[in-house]
Every structure is written in structure tokens, then in C-alpha cells.
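Encoded as C-alpha cells, the structure appears first; notes follow it.
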Amino acid sequence: MSASTSERTARLRRSRTRSRNANGRPALAISTLKPHQYDLRPACASLICPDCKTWVPITGVQAKVQKLVPHDTGRAGKVPAIRCQGSNRLVTVDVAFEKWQRRLEEGGTESAGRRSARRHYKPLPAPAKPVTQMSPASMSVSDALAAYRDHLRKCRARNVAGRCGGTHHCAEGTRLAALYAELKRTQPLRQHEARVDALLARCRSTTAWSKHSEATASLKATAKRGGTAVEEANNSCKHRSPGTVSDYRGPQVPTQPIRITT
């Protein structure tokens with residue numbers, strides 16, 4: 001008689017079984033597992049089997065004897081039916097449901113507030129240019145000539161090969177001579193640009209001052225709220241008339257106390 005085709009693949013794991021068989025291995029204590037490796041809720045009591053590393057229901061979680069249901073090592077209907085050695089193994093529930101739930105919530109909060117293990121590196125600053133590639137500070141023609149003459153005096157005093165002498169110059173002497181020639185050649189252009197910049201700045205300053213003078217020339221423009229005779233009188237500088245408090249308050253303002261009778 002041929003074997004049934006239903007026995008060739010792993011079967012579904014039932015949440016409850018009526019089998020009285022018990023595994024001879026020592027009972028598995030819940031306290032030896034981590035909180036995320038078991039579930040003590042009565043509706044879906046289960047744990048990760050230490051042998052096949054898969055979730056397996058716990059039968060009789062509210063009864064006197066708890067044990068793992070018979071299960072296969074693979075997924076149902078996908079792999080051959082190979083019975084796991086941890087089937088029908090006794091389980092000791094030695095952790096209270098409230099304690100397990102509290103530990104699970106604390107672990108979730110701690111892991112949510114933990115920083116990511118990924119490192120974020122700041123961009124490295126660009127390396128500084130070598131001294132030979134740095135642009136020299138701006139020098140005048142007189143400064144360049146003084147530096148060139150000072151170099152010639154020191155270089156000719158040294159007794160080394162390749163020193164400056166006659167029409168021959170060393171590398172530093174050649175650089176200083178070229179710098180002096182370049183500054184001397186471009187000096188008229190730089191002086192012209194400096195004069196143009198000074199004239200433009202002077203023209204802008206004169207224009208701004210003239211606009212300010214025109215805006216503050218009239219009394220109406222300097223008043224806080226122009227257009228009234230009181231403000232024009234307030235902004236004008238003239239002597240106060242005798243017998244009056246002030247001009248901008250009007251000529252009918254009395255200077256002596258007045259008693260009103262009814």
C-alpha cells in the first residue's frame with residue numbers, strides 16, 4: 001500500500017492537542033528565555049523552540065501541565081515532514097504575565113530611544129595648500145625692490161653652488177625679480193583703478209548727501225505728520241510770543257487759571 005501524500009510534507013501546528021505523550025527531556029523553564037522569545041497571552045501562548053528555532057504553541061497554558069505541541073521542523077506544506085525533537089516537551093511557566101509584559105514594554109521603550117548604530121561622519125576639511133602654491137600677499141613696487149635687493153645681498157654672501165651672481169639668479173632670486181617686474185608693469189593700471197574707485201565713492205557720498213538735504217529742506221518733510229499748520233509751527237525755530245504758553249497750542253490758550261461757575 002502506497003504512503004499517503006498528506007504525510008510527505010509538514011503539517012499545520014495545532015494550538016491544542018489531546019495527546020498524553022510527554023517528551024523525556026527536562027522541562028523547559030520560561031525564565032531561561034528572553035522576553036521577546038515567548039508570548040504568555042492566553043489567546044496565543046507560544047515560544048521559540050530551542051531545537052528548530054520556530055514559534056510553537058504551548059498547550060494547557062492555564063492548566064496544571066504545559067507542554068509544546070507536536071510540530072515539524074519546517075513550514076507546513078513546503079518541506080518534508082520531519083518531527084522536531086522538542087515536540088511534547090514539558091514547559092514550566094515560572095514568569096508572571098504582568099512581569100513579562102512590563103519587561104517587554106521597558107525593552108521596547110529602551111530600544112526605541114537608543115541611537116542608531118550607524119555612524120555619521122562629518123565631511124573632512126580640504127587640506128591646506130602647500131606654501132609654494134599659496135598666493136603671495138600684495139606688495140608695492142618699493143617693497144618688492146627692497147626684498148629683491150635684500151635677497152641678493154644675503155645670497156651673494158653665502159658660499160654655496162647656484163647662488164646669485166652677475167646675471168645668474170637662484171630660484172628665489174628669479175621669483176623676486178619676476179614679481180618686481182610684474183608689479184612695476186601693472187602699477188599704472190592699479191593706480192588708475194584706485195583713483196576710479198575713490199572718485200566713485202566720493203560721487204556716491206555726494207549724491208546721498210544731496211538727497212538727504214533735499215528731503216530735510218522743507219518743514220513739511222521734517223514733520224512727523226506733515227500737512228498741518230501746528231506741525232509746521234512746531235518744527236519752526238522762532239521765539240515764543242509774550243503772554244502765551246506756546247505757538248503750536250494756538251493763540252486762545254489762556255496763561256492764567258480760569259474759574260468756571262455754573
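The values are calculated or read from the model by the stated rules, or taken from the named source; none is laboratory data. Keep in mind it's a predicted model, so treat the numbers as computed, not measured. Here Cβ is always computed from backbone atoms with ideal geometry, including for glycine, and neighbour counts include all displayed protein chains.
Out of (1) more than 23 Å from Arg18 (Cβ to Cβ); (2) modelled with pLDDT of 85 or more, what's the single condition that is false for Gly74?
(2)
Is there any pair linking a residue in region 84-99 that is in the same structural domain as His36 (by TED's automatic domain parsing) to one that is part of a helix (DSSP H, G or I) and not β-branched (Val, Ile, Thr), with Cβ under 9 Å and at least six apart or on different chains, and which?
Short answer, once both residue conditions are applied: Thr92/Ser31; Asp94/Ser31; Val95/Ser31; Val95/Pro35; Val95/Arg103; Phe97/Pro42.
Please state which one of Thr9, Thr5, Thr17, Thr92 is of a type outside the set (Lys, Arg) and at pLDDT 80 or above.
Thr92
I'd like the full set of residues that are surrounded by 14 or more Cβ atoms within 10 Å (Cβ to Cβ) and in contact (Cβ under 8 Å) with a residue 12 or more places away in the chain, limited to region 173-200.
Listed by number, the residues that qualify are Gly173, Leu176, Ala177, Leu179, Tyr180, Leu183.
Please work out if Ala198 is out of contact with any helix residue (DSSP H, G or I) (no Cβ under 7 Å at 6 or more places or on another chain), under 16 Å from Ala144 (Cα atoms), among the aliphatic types (A, V, I, L, M) and at pLDDT 85 or above.
no
Being out of contact with any Gly (no Cβ under 8 Å at 6 or more places or on another chain), outside any loop (DSSP other than H, G, I, E, B) and surrounded by 12 or more Cβ atoms within 10 Å (Cβ to Cβ) is the filter here; which residues of region 155-170 pass it?
If the condition is that a residue be out of contact with any Gly (no Cβ under 8 Å at 6 or more places or on another chain), outside any loop (DSSP other than H, G, I, E, B) and surrounded by 12 or more Cβ atoms within 10 Å (Cβ to Cβ), then Gly165 is the only one that fits.
Looking at region 59-75, which of its residues are of a type in the set (S, T, N, Q) and not in a loop (DSSP other than H, G, I, E, B)?
Result: Thr59, Gln66.
Taking Gln66, is it in contact (Cβ under 8 Å) with a residue 12 or more places away in the chain and either of a type outside the set (D, E, K, R) or within 17 Å of Arg103 (Cα to Cα) (or both)?
Against the criterion (in contact (Cβ under 8 Å) with a residue 12 or more places away in the chain and either of a type outside the set (D, E, K, R) or within 17 Å of Arg103 (Cα to Cα) (or both)), Gln66 qualifies.
Please work out which one of (1) touching a helix residue (DSSP H, G or I) at 6+ places or on another chain (Cβ under 9 Å); (2) in a strand (DSSP E or B) is the condition Val56 fails and give its number.
Against the list (1) touching a helix residue (DSSP H, G or I) at 6+ places or on another chain (Cβ under 9 Å); (2) in a strand (DSSP E or B), Val56 comes up short only on (1).
For region 141-154, name all the residues that are touching a helix residue (DSSP H, G or I) at 6+ places or on another chain (Cβ under 7 Å) and either farther than 18 Å from Gln187 by Cβ or loosely packed, with under 12 Cβ neighbours inside 10 Å (or both). So that I can check it myself, show each step before the final result.
Of all residues in region 141-154, those touching a helix residue (DSSP H, G or I) at 6+ places or on another chain (Cβ under 7 Å) come to 141, 144-145, 147-148, 151-152.
Hits for region 141-154 are His151, Leu152.
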